[in-house]
Structure formats: structure tokens, C-alpha cells
Amino acid sequence: MSGLESPAARTLAPVATPIVRGASRARAARSADAIEAARLALLRDLQLAFRKRSQLIQPLAFFAMVTLLFPLAVSPELSRLRELAPGVLWVGALLASLLALEFLFRDDAYDGTLEQYALSGQPLTALMFAKTLAHWLLTGLPLALMAPLAALSLGVGPAALPGIVAAVAIGSVTLSLIGSIGASLTLGIKRSGALLSLLTLPLSLPVLIFGARATQLAIHGAPYGAPLELLGALAVLGITLAPFAAAAAVRISLE
Amino acid sequence: MAWTWFHRLASPPHVYALAARLTPWFAWPAALCIAAGLWGGLVLAPPDYQQGDGFRILYVHAPSAWMSLMVYMTMAIAAAIGLIWRMKVAHAVAASCAPIGASFTFAALVTGALWGEPMWGTYWEWDPRLTSELVLLFLYLGYMGLRAGIEDPQRADRASAVLAIVGVVNVPIIHYSVTWWNSLHQAPSVMRLAKPAMPFAMVAPLLLMLLGFTLLFVALLLTRLRSEVLARERSASWIREVVSA
């Protein structure tokens with residue numbers, strides 16, 4: 001017993017502490033590097049996206065088109081459209097987000113950027129998270145900001161709009177994260193559009209359910225906190241797990 | 001030393017021979033259990049006091065639904081083993097699981113729909129269990145689609161393994177969210193089986209069928225695994241000996 005607590009251990013202790021401190025400092029420097037790399041990757045993606053504005057607008061125009069289809073296909077009566085609004089908004093947002101997934105990794109896979117990322121020595125998980133965040137900023141957030149317009153056109157009262165914006169904004173985070181897994185898994189497959197939707201849509205169902213529920217409650221003027229919190233929980237779960245899966249999938253595609 | 005049997009599982013010729021030797025040990029008990037279970041379920045079990053003879057489809061439906069989930073778990077565990085330890089045979093197991101699981105899922109959906117028509121008055125009810133079973137079918141189809149879409153076999157193995165693992169995380173979330181969604185949207189109009197009051201004559205055949213379907217799955221898996229290994233190792237020299245023998 002006392003042999004373990006020998007003077008040797010005690011003399012080692014002061015020596016050991018600086019080593020540990022040095023290691024933790026190195027680790028801190030490494031994670032600071034990783035955050036910086038992720039920030040640069042995010043900025044790069046945003047800059048590239050703003051140079052190709054038509055690609056930015058496409059998902060939004062698609063969302064508007066889908067919303068337009070329903071009054072034409074079902075009925076122009078606002079009272080009926082109001083009942084359909086949660087479904088229309090969420091199916092539209094889901095499909096628009098899916099449509100935009102194609103841009104997420106495709107160009108970077110073609111021109112070798114993803115390979116450079118994988119070889120850069122920075123954690124690929126952080127870089128994938130940055131790319132996914134860029135995707136959300138470029139599609140999820142604009143969709144959330146556009147959702148009130150679509151909602152108003154479907155006869156939803158203005159009181160429901162904050163809830164709808166919050167639901168679409170939070171839910172689309174998870175959609176982008178699930179999409180990043182699907183997009184990275186289908187890298188290198190030609191004409192992967194149908195496969196991509198087959199992979200991502202089943203996984204997105206919980207978002208659709210809770211998102212549409214929150215929207216419906218908001219439209220009816222009821223408290224919509226509970227489904228919104230569940231959407232938040234899904235987003236947190238996605239943020240913690242999805243970048244790892246996406247990074248693993250990208251590495252596999254580069255093998 | 002004690003792990004030699006496990007390490008030998010990584011060798012395709014060994015697995016091929018082992019699967020061939022084990023298949024009858026699962027196939028015959030499966031046939032016996034299913035035959036006995038069907039006899040017990042279709043002939044010996046008394047008719048249900050509410051559903052009459054209609055409930056007997058349960059003896060195919062419930063084991064299929066049970067297997068659809070169990071095969072998915074087997075597939076995901078095999079995929080994870082293959083991904084972590086780079087074990088080719090484990091990937092072959094996962095690849096062999098997918099079509100079997102999709103078939104069980106399809107069988108569960110079809111029998112569920114056929115059961116629903118006389119009992120609920122409709123072939124399709126957006127019941128949470130039916131809905132999540134349908135989603136499971138799509139997960140299987142996506143898995144097989146991804147595997148078929150990637151030409152390089154090793155990349156196909158590893159990419160589909162990631163998908164299988166992602167699916168495992170999602171299956172419970174999907175299941176509970178669908179249940180929750182359903183409890184809000186649908187009035188409890190659906191007639192349910194009187195659960196606790198199932199007499200022994202009804203339960204025993206069901207358990208036999210569950211056991212029989214599980215054994216059937218193993219026998220099918222071993223058979224598919226052999227052809228999968230043959231296809232993957234087609235350029236290896238041991239194949240020539242097997243084929244010429």
C-alpha cells in the first residue's frame with residue numbers, strides 16, 4: 001500500500017504536471033486550429049455560393065412553386081388551404097432542402113477539394129460540420145425566412161408566423177445534417193438523385209412529423225413549444241453524430 | 001488460443017465450408033418448427049372470440065414483423081464489425097441479410113394489409129406499426145440501392161455499412177415519432193387483439209413460428225452467404241477446388 005505512495009511517485013509528480021499541461025496546451029492549440037480551419041471552410045463555401053447566385057435561388061423558387069401547386073391542385077379556398085398548410089410547407093421545405101443537397105459536395109468532389117480536406121490533417125468531422133452549416137445557412141435559413149410568405153399565401157394568420165419560422169429554422173438543421181450523410185454516401189455515383197432521396201427521406205420523417213405538428217399548433221394558436229423542443233433535440237442529436245458519419249462516408253468515397 | 005475459432009471466421013474458404021455444414025442444422029429444425037407451428041396455429045388453436053378464424057394470419061404476420069427488425073439488427077451489427085475490423089466476411093453477411101430482411105418486411109406489410117381488410121375494413125391504415133414497417137422497407141431498399149450504386153465492391157461494403165449504422169440510430173426515433181404522431185391524429189377506432197387473454201393453445205404455435213422463422217432466417221442467411229462468398233472470391237484459387245469437387 002505505502003509502497004505505491006513511494007517518494008519516487010512524489011518526486012515524479014511535479015515533473016509530470018508540466019508535461020500534462022503541455023499536452024493539454026498542445027491539444028488546445030490543435031482544437032483552435034481545427035476551429036479556424038472549419039471557419040475558413042465555412043467562409044469559402046459561402047463565398048463560392050454567393051458567386052453562383054442562381055444556384056442559391058433555385059431551392060427557394062422550387063419551394064415557392066410547390067406551394068403554388070397546392071391551391072391549383074386542391075382548391076383555392078383559404079379555409080381548406082389553411083388545414084393543408086403544415087403539410088404543404090413541410091413537404092415543400094423537405095424537397096427543396098433535398099434538391100439543394102446535390103450542390104453540397106458534388107463540385108468539391110469533382111475538383112479535389114474534398115481530398116485536400118481529408119489530407120489536410122485537420123479533423124474531417126469539423127470540416128464536414130462547417131460544410132453542413134454552410135448548406136443550412138444557404139438553404140435552411142432562407143427557407144425559414146421564406147416560409148411566412150408561403151404560409152400567408154395559404155391563408156395562415158400572421159400570429160402563427162413566428163412559430164412557423166422557428167420550426168422550419170430548427171427542423172432544417174436536422175434536414176441538412178441528414179442530407180450531408182446521404183450526399184457523402186452517394187459521392188461518385190452517377191445520377192444519384194433518386195437514390196439520394198431514397199436514403200434521406202426515410203431518415204427525415206421524424207423532422208417532418210414534429211415540424212408539421214409545431215406548424216399546425218402554431219396555426220391553431222395553441223402552444224407549440226413541445227414539438228419545437230423535440231425538433232431541437234433531433235437537431236442536437238444530429239449535430240453530435242451526423243458529421244462523424246459524413247466524414248467517414250467521405251473518407252470511404254476517397255479510398 | 002480460445003479465439004482461434006473466431007479468427008478463422010475471417011477466412012472465406014473456412015466460412016464457406018462452415019456455412020455449408022451448418023445449413024441443414026438450421027434448415028430442418030426450421031421446417032419442423034414452421035410445420036408444427038402452422039398445424040398448431042391453423043388447425044389446433046381455437047378461433048378468436050372476436051375475429052373468428054381471421055386472426056390466424058397472425059402466425060405469419062407477427063413472425064415476419066419480428067424478423068424484419070431482427071434481420072436489420074443482424075445486418076447492422078455485421079456491417080459494424082466489417083467497418084471496424086475490416087472483416088470481409090462480415091460485409092458479406094450484411095450484404096446477404098438485406099434481401100432477406102426486405103422480404104420479411106414485405107411479407108409483414110402484405111399480411112398486415114390482408115389482415116386489416118376484414119378486421120379494420122381497410123387494407124391500409126396509417127397505424128404506427130404499419131407506417132414504421134413501411135419506412136423500414138424503404139431503409140432496406142435504400143441500403144440495397146446504395147450497395148448496387150457503387151461499383152467498387154469494397155467501397156460499396158463500407159459505405160453501406162455506414163448507412164446501416166445510421167439506420168440503427170434512426171429506427172427507434174422513427175418508431176417513437178410515428179407512434180407519437182399517430183396518437184395525436186387518429187382516434188382509437190382500430191380494434192386491437194385482446195392481448196393478455198391469449199390462451200396457451202394460441203400462444204404456443206406463435207412461439208413455435210417465431211423460433212421457426214428465426215431458424216429459417218439463419219438457414220437462408222447461410223445459403224446466401226455461400227453464394228455471396230463465391231461471387232466475391234471468384235478469382236481466388238480455392239474456388240476452383242470447390243467448383244471442380
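What do you get for the angle between helix B:12-39 and the principal long axis of chain B? Use alpha-carbon atoms, 0 to 90 degrees, nearest ten. That works out to roughly 20 degrees. Ordering A:Phe103, A:Gln122, A:Ser75 by Cα displacement along the dipole of the stretch A:61-134 toward the positive end leaves A:Ser75 in first place; charges were set at the Cβ atoms of Lys, Arg (+1) and Asp, Glu (-1). Within the stretch A:45-107, the GluC sites (Glu not before Pro) that combine a DSSP coil assignment with at most 12 other C-beta atoms in a 10 angstrom radius are A:Glu77.
Could you calculate the contour length gain from A:Ala73 to A:Leu43, that is, 0.36 nm times the residue separation minus the distance between their Cα atoms, to one decimal place in nm? This chain segment gains 6.7 nm when fully extended. Ignoring solvent entirely, what values of log10 I(q)/I(0) come out of the Debye formula for chain B at 0.07, 0.10 Å⁻¹ when each Cα is a single scatterer? So the normalised log intensities are -0.29, -0.57. With axes computed from alpha carbons, what is the tilt in degrees of helix A:53-73 against the longest principal axis of chain A, rounded to the nearest 10 within 0 to 90? The answer is roughly 40 degrees. For the pair the stretch A:199-233 / the stretch A:67-133, the C-alpha centres are spaced 17 Å from each other. Cα centroid distance between the stretch B:1-25 and the stretch B:119-182, in Å? Each part reduced to its Cα centre gives a spacing of 30 Å. Residue ranges A:176-183, B:12-19, B:63-70 sort as A:176-183, B:63-70, B:12-19 when ordered by packing (mean number of other C-beta atoms within 10 Å per residue, highest first). Summing -39500 (n - 2.57) over the DSSP H runs of n ≥ 4 in the protein assembly as shown and dividing by its residue number, what mean residue ellipticity at 222 nm do you reach, to the nearest 500 deg cm²/dmol? Helix-only estimate at 222 nm: -28500 deg cm²/dmol.
Could you tell me the relative contact order of chain A? Use alpha-carbon pairs under 8 Å, at least six residues apart, and round to a whole percent.
Relative contact order here is 23 percent.
Given DSSP loops and a limit of at most 11 other Cβ atoms within 10 Å, what is the longest stretch of chain B that contains no such trypsin sites (Lys or Arg not before Pro)? Longest stretch, sites excluded: B:1-191.
Would you work out if the stretch B:1-142 is rounded, prolate or oblate? Take a ≥ b ≥ c from the square roots of the eigenvalues of the alpha-carbon gyration tensor; rounded if a/c is under 1.5, else prolate when a/b is larger than b/c, oblate otherwise. Oblate, because a/c is 1.5 or more while a/b does not exceed b/c. Need one word for the stretch A:58-187: rounded, prolate or oblate. Basis is the Cα gyration tensor (sqrt eigenvalues a ≥ b ≥ c); a/c below 1.5 gives rounded, then a/b vs b/c decides. Taking the square roots of the gyration eigenvalues as a ≥ b ≥ c, the stretch A:58-187 is prolate.
Inter-chain Cβ neighbour count for B:143-150, averaged per residue, equals 5 (cutoff 10 Å, partner chain atoms only).
Remark: mean inter-chain Cβ contacts per residue of A:194-203 equal 6, using a 10 Å Cβ-Cβ cutoff to other protein chain atoms. Rounded to the nearest 10 degrees, the inclination of helix A:193-219 to the longest alpha-carbon principal axis of chain A is 70 degrees. Karplus-based coupling profile of the stretch A:158-165, in residue order and whole Hz: x, 5, 7, 5, x, x, 5, 4, with θ = phi - 60° in 6.51 cos²θ - 1.76 cosθ + 1.60 and x standing for Gly or Pro. Of the trypsin sites (Lys or Arg not before Pro) found in the stretch A:38-93, those that fall in a DSSP loop while having at most 12 other beta-carbon atoms within 10 Å are A:Lys52. Dividing the convex hull volume of the alpha carbon atoms of chain A by its residue count gives 176 Å³ per residue. Cross-link reach is defined here as a Cα-Cα straight distance under 16 Å, omitting same-chain residues fewer than 8 places apart; for A:Lys131 the aspartates and glutamates meeting it are A:Glu36, A:Asp45, A:Glu102, A:Asp107, A:Asp108, A:Asp111, A:Glu115. Inter-chain Cβ neighbour count for B:30-42, averaged per residue, equals 0 (cutoff 10 Å, partner chain atoms only).
When every alpha-carbon pair in the protein assembly as shown is counted, what percent end up more than 29 Å apart?
Pairs farther apart than 29 Å: 61 percent.
Taken together, the values in this text are just the output of simple stated rules run on the coordinates, not laboratory data. Remember, predicted model here, so these are calculated numbers, not experimental data. Here the Cβ is made from the backbone with ideal geometry for all residues, glycine too, and neighbour counts use every protein chain on show.
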